[in-house]
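Q: Before I ask anything, here is the structure I am working with.
The values are calculated or read from the model by the stated rules, or taken from the named source; none is laboratory data. These figures come from a predicted structure and were not determined experimentally. Cβ atoms come from the backbone with ideal geometry, glycine included; neighbour counts cover every protein chain shown. Only protein heavy atoms, including side chains, enter the accessible area calculation; ligands, DNA and RNA are left aside. Shrake-Rupley method; radii C 1.70, N 1.55, O 1.52, S 1.80 Å.
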Amino acid sequence: MMDKRLTKISFFDLSLLAELPEHKSLRSLARSLDIEPPRLTKVLQSVRHQLQFEIIKTSSHGYILTAEGSYVSHQAKELLKKSEDFIPRKSQFLAPPAIYTVGGRGFMNVFFAGAMIESLEAAGAKALLRFMDLSPEELRQTATEGVLDVALHLEEIKWPQTWAAAEVGSMSWDLYVGKNHPLKGTISTDELLKYPFARSAYWNGRAIAQATDNLPIPRNERIMGHEMQTALTAVEIVQHSNNVALIPNIIAKKYEAAGFIRNLKVRGLELTEAKIYLSVRSDKISQRLFKQWQTQLKSLLKDT
């Protein structure tokens with residue numbers, strides 16, 4: 001049964017008790033609680049009367065807590081922490097939304113995230129998306145381990161029967177430099193090789209590794225430049241150095257249109273295109289949402 005001494009102790013009283021160790025004078029305590037000092041004194045007297053022991057000892061220099069006062073102050077703090085869940089929140093009565101985990105290279109998540117989120121409402125899907133930046137190796141591993149619900153990828157993957165895949169378009173990596181770079185327009189390979197190349201690097205769980213690229217110029221013929229893991233970092237590198245970088249066109253176009261970077265054309269140098277695939281777990285993603293995503297992503301890629 002509850003101790004009768006607690007029947008008239010209010011939450012404000014608990015707040016007062018919890019705040020006591022933070023101050024040395026009643027005036028400072030009153031300011032903290034936003035009440036007048038005379039009222040504070042009355043409340044303290046009432047609490048002391050209810051608890052039936054001294055809480056503080058006062059002097060001309062302020063106050064100090066008694067042993068009992070220190071104890072109830074600590075307990076008041078604990079009670080207030082527990083009371084935070086006393087009043088129910090609206091979210092407690094709502095069914096938690098489904099969360100679909102999307103895995104893909106960082107630049108693909110950046111490019112497709114907006115369209116995929118907008119598609120949720122169009123497909124009538126009450127869900128949240130969790131975007132994870134993954135290397136191709138990490139994507140395969142997390143997908144087979146059941147972590148992913150959706151995959152954005154460039155390689156054809158032999159998925160389990162529970163997965164469905166669709167080609168949504170294509171993209172390429174193009175050569176870019178900063179707006180003030182000496183190289184302009186269409187250039188020769190010899191001119192290109194006079195400048196350093198930004199290189200893609202990543203952490204493979206054990207060491208920093210160099211990522212391969214589809215530029216048909218051997219790496220040993222290129223001057224080494226800065227290194228980065230993401231396409232957005234590559235954009236920053238070429239803006240602030242004389243480096244040349246191979247950047248996905250779906251990311252670079254926006255910065256090129258804004259005048260921050262420029263595209264380079266190299267005579268006799270053919271850069272290959274890559275197909276983009278969207279794959280989903282059929283047992284998690286509805287056919288309606290899958291089709292809506294395909295429509296939106298295809299449209300987005302056609303506009304770039």
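Q: With everything on Cα atoms, drop me the angle between helix 106-122 and the longest principal axis of the chain, reported from 0 to 90° to the nearest 10.
A: 70
Q: Where the only charges are on Cβ atoms (+1 Lys, Arg; -1 Asp, Glu), what is the dipole of the chain about its Cα centre, to the nearest 20 debye?
A: Numbers: 39 positive and 33 negative charges, 159 e Å.
Computed charge dipole of the chain: roughly 760 debye.
Q: How long is the gain from K4 to D85 if the chain were fully straight, where each residue apart is worth 0.36 nm and the alpha carbon distance is subtracted? Can you show the working numbers first?
A: Details: separation 81, 0.36 × 81 = 29.16 nm, distance 2.44 nm.
Full-extension gain reported as 26.7 nm.
Q: Another question about this same structure. Rounded to the nearest 10 degrees, what's the angle between the helix 287-302 long axis and the longest principal axis of the chain, both from Cα atoms, 0 to 90?
A: Between helix and principal axis, roughly 60 degrees.
Q: Separation between the I35 and H61 pseudo-spin-labels, each 7 Å from Cα along Cα→Cβ, expressed in nm?
A: About 2.7 nm separates the two model spin labels.
Q: Moving on to the next point. Are there any GluC sites (Glu not before Pro) in segment 103-150 that are in a DSSP loop and have at most 16 other Cβ atoms within 10 Å? List them by number.
A: On the way: sites: E118, E121, E137, E138, E145; in loops: E145.
Those satisfying the criteria are E145.
Q: I've got another one for you. Return the sequence-ordered ³J(HN,Hα) values of segment 156-162 in whole Hz as given by the Karplus equation 6.51 cos²θ - 1.76 cosθ + 1.60 applied to θ = phi - 60°, using x for Gly and Pro.
A: Ordered by residue, 3J(HN,Hα) equals 6, 10, 7, 7, x, 5, 6 Hz.
Q: Once you put a point 7 Å from the Cα of T230 and another 7 Å from the Cα of N263, both along the Cβ direction, what distance in nm separates them?
A: In this crude spin-label approximation the distance works out to 2.4 nm.
Q: Measure nothing fancy, just the Cα-based angle from helix 67-83's long axis to the longest principal axis of the chain, in degrees from 0 to 90, nearest 10.
A: 40
Q: Same structure, new question: Of the listed values (i) 21.1; (ii) 25.0; (iii) 19.8, grab the one calculated as Kirkwood radius over Cα pairs in Å from the structure here.
A: From the options (i) 21.1; (ii) 25.0; (iii) 19.8, the structure gives (ii).
Q: Still on this structure: For segment 1-129, what is the charge dipole size about the Cα centre, in debye to the nearest 20, if Lys and Arg each add +1 at the Cβ and Asp and Glu each add -1 at the Cβ? All intermediate terms of the calculation are to be shown ahead of the outcome.
A: Values: 17 positive and 13 negative charges, 59 e Å.
Dipole size: approximately 280 debye.
Q: How much length is gained on full extension from E221 to K284, taking 0.36 nm per residue of separation minus their Cα-Cα distance? Intermediate values should be presented prior to the final figure.
A: Details: separation 63, 0.36 × 63 = 22.68 nm, distance 4.76 nm.
Answer, rounded to one decimal: 17.9 nm.
Q: So which trypsin sites (Lys or Arg not before Pro) in segment 225-304 end up in coil per DSSP with only 12 or fewer other C-beta atoms within 10 Å? Intermediate results must be reported in sequence, preceding the final value.
A: Numbers: sites: K253, K254, R262, K265, R267, K275, R281, K284, R288, K291, K298, K302; in loops: R267, K284.
Passing sites in segment 225-304 are R267.
Q: Moving on to the next point. Tally up the carbon and sulfur contribution to the accessible surface of segment 18-149 as a whole percent, 1.4 Å probe, everything protein left in place. Show your work: numbers first, answer last.
A: On the way: 4640 of 8600 Å².
Carbon and sulfur: 54 percent of the exposed surface of segment 18-149.
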